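Okay, so here's the structure we're looking at.
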Amino acid sequence: MRLLVTGGAGFIGANFVRSILAQRPDTSVTVLDALTYAGTRESLTGLDSPDGRFRLVQGDITDAALMSELVANLDPETDAVVHFAAETHVDNALADPEPFLRSNVIGTFTVLEAVRARRVRLHHVSTDEVYGELALDEPRRFTETSAYRPSSPYSSTKAAADLLVHSWVRSYGLHATISNCSNNYGPYQHVEKFIPRQITNLLTGRRAKLYGSGAHVRDWIHVDDHNSAVWQIMTRGHVGRTYLIGADGERDNRSVLQTILRLMDHDPDDFDHVADRPGHDLRYAIDPSALRNELGWTPQHTDFEAGLRDTIDWYRANESWWAPLKEAAEARYTAWGR
Ligand code: NAD
Ligand code: DAU
């Protein structure tokens, strides 16, 4: 099997490529990535090998000629495109939405047109943020039939991309699946995101930063569990379907932050409250029953504290990967007062 992985130099894509190459000797991978501020070759080091199973192409998904050329190398019977590439940080989207429109909407349109021309299988990676927020005391969680109610420029462009995929399936019979996953954590996540920001703040002598009250709830899943679900959906899922991916990992931000502080031998109350994010979604929560019941998928990383400890250890051991990104990320936060 040959895979074209867009955004494979980013957090989730790089972990996906690493596990596929390690676990599936019959699969080769081409990564297409623009290497924006969020994607680095260093996330893929060690994968170049004489057997030619891995290749990185630096390029943009909005480049229609490049997309067609890469998809033309794939066999519609056996191969697939896995589409991770996107602008992904909510705070960046609030400051400047334009790149989100371009990569997430025009980019997904360009991917769709390339796979439509060759009848190649597509898996589109999306987010639970398309469903908007839940109240803290609401018993309901998001399901495949929840209405789209995106709140931010990021989530609305991801919602737009999902709708494009749905309509290409319906109108053109495209062989595509969609997954909407909750908040990922693990190695190679950019230091702008919540968990790596706190870990690397403490490692560089800065203070941990909590937005607003910290009562906001996210539904955490280890990146390897997200990626094992993506593989199951790609290989065994029903074409045309949406699957929600989550691991029953709801936690409020304050308790996640305090766990990080404790695991890193700091006083759990030693953090700064900073200005809240405008339009901050209160809670996300995924009901993953369809994925579990239909495809038999189960998460492996069910001990969140153990997963956090491993993630902290990874950032301790890989300062050379994140240090070049840290100053610029914190300069942006300083400018926003967060
Ligand atoms: P990331 O920001 O770490 O990586 C995104 C990658 O896409 C980067 O390597 C970047 O260079 C590349 N990219 C961006 N625009 C591009 C373009 N126009 N052309 C080519 N490459 C481009 O993101 P991530 O956290 O790994 O997220 C990957 C996907 O998963 C996204 O679609 C995101 O919406 C989705 N998702 C993320 C999470 C999460 O918690 N991080 C949860 C659910 C879904
Ligand atoms: O739900 C899936 C989504 O999760 C993905 O689609 C997005 O790409 C990904 O970035 C993530 O979005 P969030 O906005 O939930 O993640 P972030 O890491 O930015 O923030 C997590 C929570 O922590 C959120 O409630 C804001 C809060 N926060 C964040 C930062 C950076 C803080 O309290 N302090 C911080 O310093």
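The values are calculated or read from the model by the stated rules, or taken from the named source; none is laboratory data. Computed from a prediction, not measured in an experiment: that's the story for all the values here. Quick reminder, even Gly has a Cβ in these numbers, built from the backbone with ideal geometry, and neighbours come from all protein chains shown. We work out accessible area using only protein heavy atoms, side chains counted, and drop any ligands, DNA or RNA first. Shrake-Rupley method; radii C 1.70, N 1.55, O 1.52, S 1.80 Å.
Mean separation of Cα pairs under 8 Å and 6 or more residues apart, divided by the residue count, gives segment 179-338 a relative contact order of 34 percent. If you average the C-alpha positions of segment 23-57 and of segment 71-98 separately, how far apart do those two centres end up, in angstrom? Centre-to-centre (Cα) distance: 15 Å.
Averaged per residue, what accessible area in Å² does segment 1-158 show with a 1.4 Å probe, protein chains only? Display every interim value, and only then the final one.
Details: 6600 Å² over 158 residues.
Per residue, segment 1-158 has 42 Å² of solvent-accessible surface.
Across segment 1-131, Cα pairs under 8 Å and at least six residues apart give a relative contact order of 28 percent. Our summary gives the chain a relative contact order of 17 percent, counting only alpha carbon pairs under 8 angstrom and 6 or more residues apart. Hey, what angle do you get for helix 107-118 against the long axis of the chain, alpha-carbon based, 0 to 90 degrees rounded to 10? Roughly 20 degrees, rounded to the nearest 10. Taking each DSSP H run with n ≥ 4 as -39500 (n - 2.57) and averaging over every residue of the chain yields -12500 deg cm²/dmol at 222 nm. Rolling a 1.4 Å probe over the protein heavy atoms gives segment 201-266 an accessible area of 35 Å² per residue.
Axis angle, to the nearest 10 degrees, between helix 11-23 and the longest C-alpha principal axis of the chain: 60 degrees.
Taking the 1.4 Å solvent-accessible surface of segment 263-338 as the whole, the part contributed by carbon and sulfur is 46%.
Determine the percent antiparallel among the DSSP beta bridges restricted to the chain, to the nearest 5. Don't skip to the answer; put the middle values down first.
Values: 3 of 39 bridges.
The antiparallel proportion sits near 10 percent.
If R0 is 41 Å, what FRET efficiency do you get for residue 58 and residue 262 from their C-beta distance, rounded to 0.05? Numbers along the way, then the final one.
Details: r = 41 Å, r/R0 = 1.00.
According to the calculation, E is roughly 0.50.
For residue 35 and residue 49, the difference between the fully extended length at 0.36 nm per residue and the C-alpha to C-alpha distance is 3.0 nm.
Computing the accessible area with a 1.4 Å probe over protein heavy atoms, can you report the carbon and sulfur percentage for segment 75-132? Each step should come with its number before you reach the end.
Working: 1040 of 1920 Å².
Answer for segment 75-132: carbon and sulfur cover 54 percent of the accessible area.
Note on residue 290 and residue 318: the extension gain reaches 6.4 nm, defined as 0.36 nm multiplied by sequence separation minus the Cα-Cα distance. Scalar couplings 3J(HN,Hα) for segment 78-88, obtained by applying the Karplus form with A = 6.51, B = -1.76, C = 1.60 to θ = phi - 60°, are 10, 9, 7, 10, 10, 9, 9, 4, 5, 7, 10 Hz; x denotes Gly and Pro. Applying 0.36 nm per residue to the separation of residue 306 and residue 163 and subtracting their alpha-carbon distance, the gain on full extension is 47.8 nm.
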